[in-house]
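The values are calculated or read from the model by the stated rules, or taken from the named source; none is laboratory data. Source: prediction; values computed, not measured. Here Cβ is always computed from backbone atoms with ideal geometry, including for glycine, and neighbour counts include all displayed protein chains.
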Amino acid sequence: MIATPLHSKRNRLPAVLEHASGDKRFKILEVHMKKHQFRHDALIEVLHKAQELFGYLEDDLLLFVSYKLKLPPSRVYGVATFYHFFNLKPQGEHTCVVCMGTACYVKGADKVIAAIQDQTKIRPGETTPDNKVSLLTARCIGACGIAPAVVYDGTVNPRATPESAVKQIKKWTGT
Amino acid sequence: MILNDLLQIKDQERAARKKTTLRCCMAAGCMSSDSKGVKEQLEKAVADAGLQDTVEVRGVGCMKLCCEGPLVQADPQNALYIKVTSENAPSIIAALKGGKAEAAQTDPDAAFFKKQLSIVLANSGVVDPDRIESYIALDGYQALHEVLHEMTPKDVVDTMVNSGLRGRGGAGFPTGLKWGTVAKSPGAKKYVICNADEGDPGAFMDRSVLESDPHAVLEGMAIAAYAVGADQGFIYVRAEYPLAITRLQTAIKQAKQLGVLGSGIFESPFNFTIDIRIGAGAFVCGEETALMASVEGKRGTPRPRPPFPAESGLFGCPTLINNVETFANVPAIYRNGAEWFAGIGTEKSKGTKVFALAGKIKNTGLIEVPMGTPLRTIVEEMGGGAPGGAKIKAVQTGGPSGGCIPSQHLDTPVDYESLGKLGSIMGSGGMIVMDESTRMVDVARFFMEFCMDESCGKCIPCRAGTVQMHNLLEKILDRRATPRDLLKLEELCDMVKNTSLCGLGQTAPNPTLSTLRFFRNEYEELLQPEAHGPKGNGEAKKQTLTT
Amino acid sequence: MKVRLATVWFGGCAGCHMSFLDLDEFLIDLAEKVELVYSPVVDVKEYPEDVDVCLIEGAICNEDNLELLHKIRQRTKVLVSFGDCAVTANVPAIRNQLGLGNAESVLQVAYIDNAQHNPCLPKEDGIVPPLLKKVLPVHEVVNVEHFLPGCPPPADRIKALVGQMLAGVEPKLEGAQLKFG
Amino acid sequence: MAAKTLTIDGKQISAEEGATVLQAADEAGVKIPTLCHLDGVYDVGACRLCLVEIAGVPKLLPACTTQVAEGMVIHTDSERLRKYRRMTLELLFAERNHVCAVCVANGHCELQSLAYNQGMDHVRYEYNFPKWSVDNTHRLFGMDHNRCILCTRCVRVCWHIEGAGTKNVAGRGGKAHIISDLNMSWGQSYSCTECGKCVQACPTGALFHKGSTAAEMERDRTRLEFLVTAREKKQWITGEE
């Protein structure tokens, strides 16, 4: 795969700033940055806030952050892609996070996730084509006492089974 | 804020205690089983029965037996209710008046509880983590007052040295020595960081401490800051722990309002503020130099040491980094004295250790035991063995950096040195029990996959070596590997261990090495004979032509 | 008794064999010491038994390669991976980057997309041997005793290795003699 | 500056206080292999090729970030170190698609020459054959991710000598890769000043001048040295021309 030469390059920033001026969420984000005095070390905090406001971190949003914090865009992108918590693509309507920590794993989380994959036909990190469900895995949510744990839209579900997981997915997808 | 104000709060809080207390667990595990609904129903039932003046329903932190949650404990009746639902919660109130409780009970004096010795978890399941007064009622912040007014920073460091406390994050570095080094490092600005990036899968001690007793951590950090001369602290906590973050935010706000954090604490010249930094899902940030990079808002990649953080850490300033459990030990050490603490545990490992007991075991949850307690006591007596009478095969400690201890070594005392001798580590305290149905090569592959995914990619041995080791483990599991592949795996383990930049890479081979050491037959059973050529030797046999 | 030498040509451009022919007068010395029992330049159909040494050019790309390689290993004392394609899989393995289905893609490009006449896939038996899912260097399939990198290995490098072997010493190439590419 | 006396591979040498083991060894004529070190930019200790044994220190330490100390006894070329170095190189070759035969840097590549100098005659690990792209969108330069070893020299010269901050590492672990700006094609990068320092710094054929074909891409490091001297020592920058 070889990309071909481009002869025009264009500064996207003015367009991004103009777009941002009409969107309230950018205002809120800027207030948040101001709270941190636009400090460079607040980048991760700012990205958390941005993801909370917009759901995911699209390029224009990252460009806005880099401009406001006076950081090179490559720094912002490098940080946003280092941490698995940040999504650069939109997520589905519902999220299903299967904990794959050791305790959950030895208690059958692998079977739970296999059942969900079978039902949704997507792999971890993907979203169903109808944009209903995103499937994610977590490294350990620290709920080992109730393993295996699955988080449905932010709510922890204890002692999950392949059946209970499929039931929840079906509820979301209406099948 | 002066001492009298503190004592006044303590007295008021104690005087307000009611005849009966119903403690309802509000830590993340029980919350996921609707303990919030349980608490609401209990409160409603108390109101309906007109018992507001004699019965207190208190939301508390972790009550340790997580597998049986939601838990409710009635005192002084000493009744521990398990798996309480919002439907049967009202019957617990009825039982106070002689009725019958529908909720099941378990024995609060069973070995799981009785064999514990609580220092770090002393307040866990007792205080209301959302109320600073509740912490003060149990002598909270008195140690900080005493330290600020009656000890020099050097005294504080000396006490820590004498206590013998060692870092609870995994490596077991003597805490007093670390404090002393930061204290001696020249620099006008210094930092204290609390490492709450509890990333080991299967470990939830730090989460529980933060959710159950956040003020103990804040007080510990403040004492440490005074000892080393820092005025700014950070708590770096995982984004996966939203409840812990909320509780910490509440605790910091309350501590500031009361004046036990901020400027001129207890009318001394000592200033100290604490900010929270939320991680974003990177295991490597548990490594101290990576953590500092992350606090600085950068990619969480580690850097070579020296210079150590004690000399040049956050923003290039001397920095003290300890983990949650280490800080949570601090107030008790200054309340009760270094000798008291040094009297607990073994010669080289003092005090207690909190473990998160999970996996194929009957009682999963949190335990705190004196250092030196045999694994067998923890797993068989306290944990109740594997469920369904299955045979325990191994205990995994230290997460992806640790190893599997086979059942024949269950009499090993739990301390830094003994676990190290078995090729495992104490680690942060995750303890996963495995029974006969667990395949050890699969366990090794599981951890290798973890390390491969979590490698930051900076140094080659870890970035590319974990990929190759994972390939080889998959090959073995798929029955495609030959004895030569096994040798290649062992050679890579040695190389990655000795050449990686940070702890993640240096310890990534441990689960594989320890399962190879104790369960080598499980690997060998999966091997295929060499397809062609010389068998059994690692290198292709070098030959010359002899004609 | 003369050393029974074989050379074989798998997935590669024959450049290594060309380089072998560049040995010039050394070939004459060689002819006194070895008997060439199998080679693309010798008209022998079946790989013989009891071969002392075999120089293998090329990566393992298809089932014919694979089958013959196993036969070679069984019938040969010493195998030498001869040139980068044998040692690293080199250019033939670039198709591996396309992942699953790369073999089909390669055929599509070669026989359909770039065909000037009668674009069609060679389906009949014996025309194109079935391609492997992944092109492999020789040592990932069988044990290999010696490695002679280079694309192609220059004649002096070949001479050094073969010379050492004939002299009965452990062949050892060093430094720039081991340069890939 | 005080001088420190130390022993490197049996040779008694003296080095300035604050010098790294790598510098001291270099001055003493002992060549320690490295891929991520580049004169003029700060060291990151990432490639692990310059690890050395220091008597009394249980761990191997990178020569590039370890400072000399009085009485240090250093071994740079033990059998163990040679074995680890060869393995490190094999891991690199297996990681991406380093096809030397068709590389612009063939014959001028630090990875290639290190491999043969360390006696790497083949790679024992399975090649990953990952799918990486070639970015040819820049007017003057190209980036072939297949040949990148993530030494981050390009990132460091871009940030610390040029000050543009165009290049960075994105992603992590095996997915880590070099980006321009927000992972856009290089030709679209608005911050790139087209100075070409990254191309000069690259040890392999990952960054190249467009138009170079196989084995044509040679680098001129003196151009970097010149700039570093200008910026750090300010030798001829006196305020007015």
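Checking C:Ile94, C:Ile28 one by one, the residue that is of a type outside the set (Asp, Glu) and away from chain D (no Cβ under 14 Å) is C:Ile28 and no other.
Going by the conditions given, is A:Lys89 within 11 Å of chain D (Cβ to nearest Cβ) and among the basic types (Lys, Arg)?
For A:Lys89, the condition - within 11 Å of chain D (Cβ to nearest Cβ) and among the basic types (Lys, Arg) - is not met.
The listed residues are D:Ala115, D:Ala105, and the only one of them that is among the small types (Gly, Ala, Ser), crowded, with 20+ Cβ neighbours inside 10 Å, outside any helix (DSSP H, G or I) and touching a helix residue (DSSP H, G or I) at 6+ places or on another chain (Cβ under 9 Å) turns out to be D:Ala105. Only one of the numbered conditions (1) more than 8 Å from every other protein chain (Cβ to nearest Cβ); (2) in contact with a Pro (Cβ under 7 Å, 6 or more places away or on another chain) is violated by D:Asn136, and that is (1). Scanning the stretch B:267-306 for residues that are more than 20 Å from B:Ala225 (Cβ to Cβ), part of a helix (DSSP H, G or I) and facing another protein chain (nearest Cβ under 9 Å) gives B:Phe283, B:Val284, B:Cys285, B:Ser294.
Condition check: without any contact (Cβ under 8 Å) to a residue 12 or more places away in the chain and assigned to a loop (DSSP other than H, G, I, E, B). Does D:Gly205 satisfy that? Taking the combined requirement at face value, the residue does not satisfy it.
Taking the criterion of being touching a residue at least 40 places away in the same chain (Cβ under 8 Å) and in a helix (DSSP H, G or I), the residues of the stretch B:257-266 that qualify are B:Leu258, B:Ile265, B:Phe266. With the structure loaded, tell me whether A:Gly101 is touching a Gly at 6+ places or on another chain (Cβ under 8 Å) and of a type in the set (Gly, Ala, Ser) or whether it fails that test. The answer is yes for A:Gly101. Filtered by the rule that a residue be surrounded by fewer than 17 Cβ atoms within 10 Å (Cβ to Cβ) and either among the β-branched types (Val, Ile, Thr) or over 14 Å from B:Leu42 (Cβ atoms) (or both), the stretch B:84-96 gives a lone residue, B:Thr85.
For the stretch C:54-96, give me each residue that is in contact (Cβ under 8 Å) with a residue 60 or more places away in the chain and over 22 Å from D:Met120 (Cα atoms). Across the stretch C:54-96, the qualifying residues are C:Cys61, C:Asn62, C:Glu63, C:Asp64, C:Asn65, C:Leu66, C:Leu68, C:Leu69, C:His70, C:Ile72, C:Arg73, C:Thr76.
Of the residues making up the stretch B:480-501, just one is within 10 Å of chain D (Cβ to nearest Cβ), of a type outside the set (Gly, Ala, Ser) and in a loop (DSSP other than H, G, I, E, B), namely B:Leu501.
Entry remark, the stretch B:86-133: residues being part of a loop (DSSP other than H, G, I, E, B), of a type in the set (S, T, N, Q) and assigned by TED's automatic domain parsing to the domain that holds B:Glu40 number 2 in total.
Of the candidates A:Ser134, A:Ser164, the single residue that is assigned to a helix (DSSP H, G or I), hydroxyl-bearing (Ser, Thr, Tyr) and not assigned by TED's automatic domain parsing to the domain that holds A:Ile44 is A:Ser164. B:Gln408 satisfies every condition listed in (1) assigned to a helix (DSSP H, G or I); (2) polar (S, T, N, Q); (3) over 30 Å from B:Ala225 (Cβ atoms); (4) in contact with a helix residue (DSSP H, G or I) (Cβ under 8 Å, 6 or more places away or on another chain) except (4). Of everything in the stretch B:307-322 that is within 14 Å of chain A (Cβ to nearest Cβ) and within 24 Å of the chain's Cα centre (by Cα), the residue that is nearest to A:Ala42 (Cα to Cα) is B:Leu314. Scanning the stretch C:59-85 for residues that are touching a Cys at 6+ places or on another chain (Cβ under 8 Å) and among the hydrophobic types (A, V, I, L, M, F, W, C) gives C:Ala59, C:Ile72, C:Val78, C:Leu79, C:Val80, C:Phe82, C:Cys85.
Being touching a Phe, Trp or Tyr at 6+ places or on another chain (Cβ under 8 Å), touching a residue at least 40 places away in the same chain (Cβ under 8 Å) and either surrounded by fewer than 20 Cβ atoms within 10 Å (Cβ to Cβ) or of a type outside the set (Gly, Ala, Ser) (or both) is a property that A:Lys89 lacks. When both residues are 6+ apart or on different chains and their Cβ atoms are under 9 Å apart, which pairs have a first residue that lies in the stretch A:152-163 and is under 17 Å from A:Ala115 (Cα atoms), and a second that is among the acidic types (Asp, Glu)? Pairs found: A:Pro162/A:Asp118. When D:Met120, D:Met184, D:Met143 are checked against the criterion of being buried (at least 19 other Cβ atoms within 10 Å of the Cβ) and over 23 Å from A:Val76 (Cα atoms), D:Met120 stands alone in meeting it.
Residues of the stretch B:478-525 being β-branched (Val, Ile, Thr) and surrounded by fewer than 23 Cβ atoms within 10 Å (Cβ to Cβ), which ones? Scanning the stretch B:478-525 gives a single hit, B:Thr482. So which residues in the stretch C:69-91 are of a type in the set (D, E, K, R) and more than 10 Å from chain D (Cβ to nearest Cβ), if there are any at all? C:Lys71, C:Arg73, C:Arg75, C:Lys77, listed by residue number.
The residue that is farthest from the other protein chains (Cβ to nearest Cβ), among those in the stretch A:92-142 that are touching a helix residue (DSSP H, G or I) at 6+ places or on another chain (Cβ under 7 Å) and touching a residue at least 60 places away in the same chain (Cβ under 8 Å), is A:His94.
Yes or no, residue by residue, for (1) buried (at least 23 other Cβ atoms within 10 Å of the Cβ); (2) at pLDDT below 95; (3) in the same structural domain as B:Ala203 (by TED's automatic domain parsing):
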site: B:Ser33; (1), (2), (3): yes, yes, no
site: B:Ala49; (1), (2), (3): no, yes, no
site: B:Val57; (1), (2), (3): yes, no, no
site: B:Gly61; (1), (2), (3): yes, no, no
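Residues that are in a loop (DSSP other than H, G, I, E, B), more than 17 Å from D:Glu70 (Cβ to Cβ) and not β-branched (Val, Ile, Thr) within the stretch D:1-34 comprise D:Asp9, D:Gly10, D:Gly29, D:Lys31, D:Pro33, listed in sequence order.
The combined condition, being outside the structural domain of D:Cys154 (by TED's automatic domain parsing), modelled with pLDDT of 95 or more, at positive phi and crowded, with 16+ Cβ neighbours inside 10 Å, is not fulfilled by D:Gly56. Based on what the data block shows, is A:Ile141 under 23 Å from the mean Cα position of the chain (by Cα) and either under 29 Å from B:Asp435 (Cβ atoms) or small (Gly, Ala, Ser) (or both)? Yes: the conditions hold for A:Ile141. Condition test on B:Asn322, is it assigned by TED's automatic domain parsing to the domain that holds B:Lys178, under 25 Å from B:Ile278 (Cα atoms), modelled with pLDDT of 95 or more and not aliphatic (A, V, I, L, M)? So B:Asn322 passes the test. Screening D:Cys154 on (1) without any contact (Cβ under 8 Å) to a residue 60 or more places away in the chain; (2) facing another protein chain (nearest Cβ under 8 Å) shows it passes everything except condition (2).
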